[in-house]
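Heads up, the thing below is written out as structure tokens.
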Amino acid sequence: MDLNTKYTPHSWPDHPESATLEGKNKFLGFWLFLGGETVLFASLFATYLALKNRGPSGMEFTTQELFELPLVFIMTMLLLTSSLTSVYAMYHMKNYNFKAMQAWLAVTVLLGAAFLGFEIYEFYHYVHLGFTYDQSAFSSAFFTLVGTHGLHVLIGLGWITLLMLRNTKRGFNLYNAPKFYVASLYWHFIDVVWVFIFTVVYLMGVIG
Amino acid sequence: MSSIAQKKGFGATLWDYLTTVDHKKIAILYLITGGFFFIVGGIEAMLIRIQLLKPDNDFVAAGLYNEIITMHGTTMIFLAAMPLLFGFMNAAVPLQIGARDVAFPFLNSLGFWMFFFGGIFLNLSWFLGGAPDAGWTSYASLAISSPGHGIDFYALGLQISGGGTLIAGINFLVTIINMRAPGMTYMRMPLFTWTTFVASALILFAFPPLTVGLFLMIFDRMFGANFFDHTMGGNTIIWEHLFWIFGHPEVYILILPAFGIFSEIFSTFSRKRLFGYSAMVFATVLIGFLGFMVWAHHMFTTGMGATANAIFAVATMAIAVPTGVKIFNWLLTMWGGSIKFTTPMLYAVGFIPSFVAGGVTGVMQASAPLDYQLHDSYFIVAHFHYVIVGGVVLGLLAGLHYYWPLMFNTMLNEAMGKITFWLFFLGFHLTFFIQHFLGLLGMPRRVFTYGEDQGWDLFNAISSYGAIFMAAGVIVLVVNIVMTIAKNVPVGRDPWGDGRTLEWAIPQPVPFYNFKQIPLVRGLDTYWIEKQEGNVEGMTYAEPIGDIHMPNNSIIPFIMSLGLFVGAFGALYNGEQPWAIPVLGLGLIITFAAMATRSLKDDLGYHIHKEDLLNEKGGKH
Amino acid sequence: MMKGLKKWRLFSMLTALMIFLAGCGDEHLSTLTPAGQVGRDQLNLMILSTAIMVLVIIVVMIVYIIAIMKFRRSKLGEDFIPKQVEGNHTLEIIWTTVPIILLLILTVPTVIATYELADTKGMDKKDENGNKTAVTVNVEANLYWWEFEYPDLGIVTAQELVVPTGEKVYFNLKAADVKHSFWIPAAGGKLDTNVDNINTFFLDFDNPSDSLEDGVFYGKCAELCGPSHALMDFKVKTLDREDFNAWVEDMKASADQAAPETAVAQEGQEIFEQSCISCHAVSGAGTAGSVGPNLATFGDRNRVAGFLEHNEENIKAWINDPQEFKPGNKMPQPEDLPKRNGKELTDQELTALTEYLMGLSVEE
Amino acid sequence: MAHDVHTHVKSNIEFEYARRRAANEMRGQVTTFAIMIFLTLIAFTMVLAGFSAYLVIPFILLLAAIQVVLQLYYFMHMSHKGHETASLFLYSGALIAAITVLTFLTIVWW
Ligand code: HEA
Ligand code: HEA
Ligand code: CUA
Ligand SMILES: [Cu+2]
């Protein structure tokens, strides 16, 4: 396959992400990876659930005292919306509209960064209250689970940004189309995990 | 570009191997590294047996003994058995399915180097203040309180090499799903490919829990977390679950590929198609599936409660059924065949009674109330060495002899191979059979010594002498390998004469692009079919000769892994050395910079042109 | 029918084998010579499962041997091309169902025994006076030693468990530092002592242990717990109910033990009260949770530190250098003991301590 | 040869058709998004309204599951052709995930 092959909207394949063998491999490999990530997050969730609200005798912080739903709601909206914007980006990739794709990806990245900003603020706030990483088993489990998700967001942001920068000048080809596609899958997966985090950690935490 | 290795300087060869993305060369790397670690683990085993040779022995001290068993178990499982299996998978699977390469050549190399550096990191613990000493299972309460850095080496080393394993697993899955030659349907795939496939799926799902467990351990030990500190609300049983959710599938990750190798060998040297092929495939998948439902049988005495114990007991026993299906199908493959007792076949034939003996003791252990007695006694040690040595290691040795000509175009000496077999086989039974009774007589495992007053002297001595036979067998094998390499007599294609699957149809030495033309697979055991029809080419082609696309070599995987290796030292000495955090940062920067280079620089590979292919004589038919 | 008969013969053969093997082992330590019903139940499962497994092995071996004898290429000729059989459904069904049946035979007693052995309801049973009927022992596993508390009787002992015969004895197990596992092979299976929770089970013993070679059963720690895991032994003395009650009374009385008789022992007592008492209690009346083993019954012990032969020489040697015997154990070297200020113990002091310790006894 | 890409130049009709289909699909995606937002709102409100935990917890878990299915099938196109293996593996992962969480909720503490 050749990088220099130029496509027109008419010759651009319907599924650019899986038009080449490399693309197909990347696509499948990435899905498999997500299968593994599911188990990874499940292990973290399981650990969190087992350690929820557990601490040394006389522990101060519990989920109910700690969590503030408005913040979580905003974060959820940001991330959900970014999921939609990345769908838009892929829509434009299929339509061979590079500029539009880049623009939507940029929006996605901005939304993701805002999400991350709130998360960092949230953590900072907790630590400020005295709910530090080594404060209890619960705090360790909470920061590890939510932090791992945050790390995924960070990696996703870095990845998408790098892809955008790398390809600004050259537009679409069948070499980078799968890369964009897979990055967007990753982004959706991050959202999937967040759906469980806000449900299991925050909402169920507030309930008790 | 010739596949026949030109005489290259040492430096050039080294560079070639550091940067290679060719699955055949990566196979050799796995073989060498895995072989090295097998010897290391074997020497540790010998130290164990020397210490236990007589009661109240003081050959190694109490603390050191624990380090030795921990490293023996960890090395053998993570650094010897699995990599050696990866070696054979890399050598054979792409050829078996008619692929030019694996799906992700770059990641293939990355997987290897991560395993390599993880293994080296783990073993450096010997020289940097002491090895891990909490057993290969590293149960949390002991591991958290273990002084020194041993456990840190364990957690970080396994984390790195585990990442490599996960990558290798995904690579094989995608390779097998996407890269099969035309006509190679799922139900025509050789059994070794099938078992590789299922084992890789197990890797995909089993390693993440280990990753999480290890991270929790790292955070607890190095960064002040409280997952396993019960005074802070933590819970040590979490580790046990995470470890065994990984650990039990792990044993099937080991045994399934070995089953695959044996399946190939049985049908090859019985000159007969594998009996009940579809049942074999189904059984493989079922074993893989059930393998995830049974982990708590390692925790019967943890106090999970009667219901959990009963459920896991019954689920565990169920695995005997598909495994039995395999055993009987192998027997029936030989039945009515024309059995030739080559060295690989000897191993395969030796494997059946050994593995069955080990498997049935597994079922006994699955009976929870009985396991209350057996657990953590030498009965367990006997069980798992029967399945591991009698299954996995015999499989590896069989595979070594069987695939040697495929990998190196030379043949290991058959006479010496048979000597190795007999020494190893007899030594193995001598060492481990008696250990069942030691367990029943009340000997716990992981004891560095035992008193004279307990009645275990004789059996332990027998066990230790048996190990000497195994060591002798291994030494003969090493001599055999050295002599074969020194003599270097090429043997050409299909040296066993009875090859049935595609890898044997390929000319020797295997061209670096594997297949000049992608073959068309016309049934199970394609090469056998072609041979029966008198096709001298050995295969039917699916395409005319054309340009071949090849990936470029790259040093980046090496550098990425090196970065992790460096960074691990930083994490290890966190809070203890002023340079710790900078080094951790440096390592991660190296890794991420290498990764960024990889993604910024297009790597499109290159093409071998049709004309060059036509001119090339390639290997002999 | 033939098959059933064959299995039966196999069964008795196996029992014979077990008895033979039992001969190799020590009665006080072997799982093959069960000391009570729990161990017997488990041995029965052992025999049943072994019978099934041997049957499986025999079947496999018959097919196997015939196959490798009959179908050798050396006999069939180099050119022989066997028929390429695909499979056989009948056979497949047979070797799927027969193992399932064999496994079902094993599952039923397995599940029953799992529930039976987990049934510790009897622990809380009370007689009409509101006293608990069963003996309950709280076991606390410490880095390399065992503490046995009898919460209902108000006594505590270490390293040597004393239990009545002919009844179920209940155990609450926990670990003080890292995970250990409580195992008396002759009496029955083990149960872990976790750090996070208390595990509960029961054992029973048929006969007083004085008929045994050493007069005690051997107990083991079955979970790797550090360098001296191998040495974390304890001993079990079983007494019939009457003797047991007497022992309990003696233990309770040990609170006001008579002063040592000899001058040497008195000197020993002085040193002990300076340097040792902070960790070692000498009264059997009390509760669990001390830093070192309770030494109330030390003079009657069978072992020093759980595994060394019980004699004066070993006691001296132990006190003089505990790390030499159990690497990593928590008893300080003499110079690090309280009030020693870095001074080692002289021979004379060691003798004194030893004589004092040997005098600590609740038996006559 | 496997690495060749057979490019097919669409006729105008094909092209228009593909465009329209994509646009339709995109409209569907927006609907999906709206549903997801809606589900999220319900979940948060349920919790804030303070119903019994026995009612709310299963319910919000169900909502989460629906959202995930929407993400997978609409945003990530798992219903499309060529996703068979992907979904097989994802479901296997989900199954193992479920078992893991289940055991941690039942037999880790006493
Ligand atoms: C390759 C590795 C391997 C394999 C294949 C197996 C296979 C099996 N194992 Fe083993 N096992 C280990 C490696 C392996 N194991 C290790 C390393 C440990 C110890 C870890 C540690 O603690 O350090 C262990 C420990 C272990 C335990 C925990 C013991 C304890 O610590 O208390 C148990 C309990 O159930 C068990 C059971 C089984 C069973 C039922 C099988 C089954 O898969 C076996 C099935 C096979 C057969 C049964 C034989 C063929 C079948 C027939 C001929 C059909 C007819 C048979 C019948 C009807 C019975 N194993
Ligand atoms: C793949 C896995 C694997 C393999 C192959 C082996 C192989 C062997 N193992 Fe081990 N073993 C484990 C996995 C394995 N083991 C595990 C997981 C544990 C549990 C650890 C724990 O408790 O945490 C264990 C524990 C274990 C114990 C119990 C220790 C204890 O509980 O105290 C013993 C004791 O006998 C033992 C013995 C042996 C022996 C004699 C071999 C032999 O088969 C080894 C044969 C190999 C050789 C003998 C090579 C010898 C080489 C030479 C002599 C050098 C020649 C050199 C040149 C020519 C350069 N192993
Ligand atoms: Cu305590 Cu081993
Ligand atoms: Cu297992």
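Quick note: the coordinates plus some simple rules give every number you see, no bench work behind them. Keep in mind it's a predicted model, so treat the numbers as computed, not measured. Here the Cβ is made from the backbone with ideal geometry for all residues, glycine too, and neighbour counts use every protein chain on show.
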Inset, instruction - Taking the Cβ of each residue in C:CYS279, C:CYS221 as the centre, tally the other Cβ atoms inside 10 Å and list the residues starting with the fewest. - result: C:CYS279, C:CYS221
Inset, instruction - Return a whole-number percent for the relative contact order of chain B, with Cα pairs under 8 Å and 6 or more residues apart as the contact set. - result: 17
Legend entry - Dipole axis of the protein assembly as shown (+1 Lys, Arg; -1 Asp, Glu on Cβ), positive-most option in C:TRP183, C:VAL85, C:VAL291: C:VAL85
Legend entry - Whole-Hz couplings from phi, Karplus 6.51/-1.76/1.60, listed for segment B:149-154; x for Gly and Pro: 10, x, 5, 5, 4, 4
Inset, instruction - Using a Förster distance of 25 angstrom, determine the FRET efficiency expected from the C-beta separation of D:LEU41 and B:SER599, and round it to 0.05. - result: 0.05
Inset, instruction - Relative to the compact-globule scaling 2.2 N^0.38 Å, provide the ratio for the alpha-carbon radius of gyration of chain D. - result: 1.57
Inset, instruction - Note down the nm distance, to one decimal, between modelled labels 7 Å out along Cα→Cβ at A:ILE74 and at C:ASP152. - result: 6.2
Legend entry - Order of B:LEU332, C:LEU153, B:LEU426 - criterion: other Cβ atoms within 10 Å of each residue's Cβ, fewest first: B:LEU426, C:LEU153, B:LEU332
Legend entry - Rounded to the nearest 20 debye, dipole of chain B from Cβ charges on Lys, Arg, Asp, Glu: 1540
Inset, instruction - Would you pull out the residues with amide H under 5 Å of C:TRP146's amide H, same chain only if 5 or more places away, H placed 1.01 Å from N? - result: C:GLN159
Inset, instruction - Only Cα pairs under 8 Å and at least 6 apart count here; give the relative contact order of chain C as a rounded whole percent. - result: 16
Inset, instruction - Please list the equivalent ellipsoid semi-axes of the protein assembly as shown, computed as the square roots of five times the alpha-carbon gyration tensor eigenvalues, in descending order and whole angstrom. - result: 55, 40, 28
Inset, instruction - Calculate the spin-label point distance for B:ILE43 paired with B:ASP457, positioning each point 7 Å from the Cα along the beta-carbon direction, and give it in nanometres. - result: 3.2
Inset, instruction - Going by C-beta contacts inside 10 Å, put C:SER49, A:SER86, A:SER18, A:SER11 in order with the fewest on the left. - result: A:SER11, A:SER18, C:SER49, A:SER86
Inset, instruction - Return an integer: the convex hull volume of the alpha-carbon atoms of segment B:309-397, in Å³ per residue. - result: 83
Inset, instruction - Please give the calculated 222 nm ellipticity per residue for chain A, where each DSSP H segment of at least 4 residues contributes -39500 (n - 2.57) and the sum is spread over every residue; nearest 500 deg cm²/dmol? - result: -24500 deg cm²/dmol
Legend entry - Reciprocal of mean inverse Cα separation for segment C:27-117 (Kirkwood radius, Å): 17.0
Inset, instruction - Return the long-range amide H neighbours of B:TYR513 (sequence gap of 5 or more, or a different chain), with a cut-off of under 5 Å between placed amide H atoms. - result: none
Legend entry - Cβ-based charge dipole, the protein assembly as shown, positive-most Cα from D:THR7, C:ALA317, B:PHE228: D:THR7
Legend entry - Translational diffusion of chain C, µm² s⁻¹ [Kirkwood Rh, Cα pairs; Stokes-Einstein; 10 °C; 1.306 mPa s]: 66
Inset, instruction - Under 1.5 on a/c is rounded, so check that first for segment B:87-126, then, if it is not, pick prolate when a/b is larger than b/c and oblate when it is not; a ≥ b ≥ c are the square roots of the alpha carbon gyration tensor eigenvalues. - result: oblate
Legend entry - Calculated P(r) tail over 44 Å for chain B, as whole % of Cα pairs: 18
Inset, instruction - Find the eigenvalues of the gyration tensor of the Cα atoms of segment C:71-185, then list the square roots of 5 times those eigenvalues as equivalent ellipsoid semi-axes, largest first, in whole angstrom. - result: 58, 22, 11
Inset, instruction - Name the residues whose placed amide hydrogens come within less than 5 Å of the amide hydrogen of C:THR193, ignoring near sequence neighbours (fewer than 5 apart) on the same chain. - result: C:HIS180, C:SER181, C:PHE182
Legend entry - Options B:LEU440, C:SER209, B:GLN517, ranked by Cα towards positive dipole end of the protein assembly as shown, top entry (Cβ charges): B:GLN517
Inset, instruction - Quick one: how many lysine pairs does segment B:1-80 have with C-alpha atoms less than 20 Å apart and a gap of 8 or more or different chains? Give me the count, please. - result: 4
Legend entry - Across B:LYS340/C:LYS70; C:LYS121/C:LYS168; C:LYS168/C:LYS252, pairs whose alpha-carbon gap is larger than 21 Å: C:LYS168/C:LYS252
Legend entry - Label-point separation, C:ARG72 to D:SER11 (7 Å along Cα→Cβ), nm: 7.3
Inset, instruction - Quick one: grab Rg to one decimal and Dmax as a whole number for segment C:255-358, Cα atoms only, in Å. - result: 12.9, 35
Legend entry - Cβ-Cβ FRET estimate between A:SER57 and A:LEU129, R0 fixed at 25 Å, reported to 0.05: 0.80
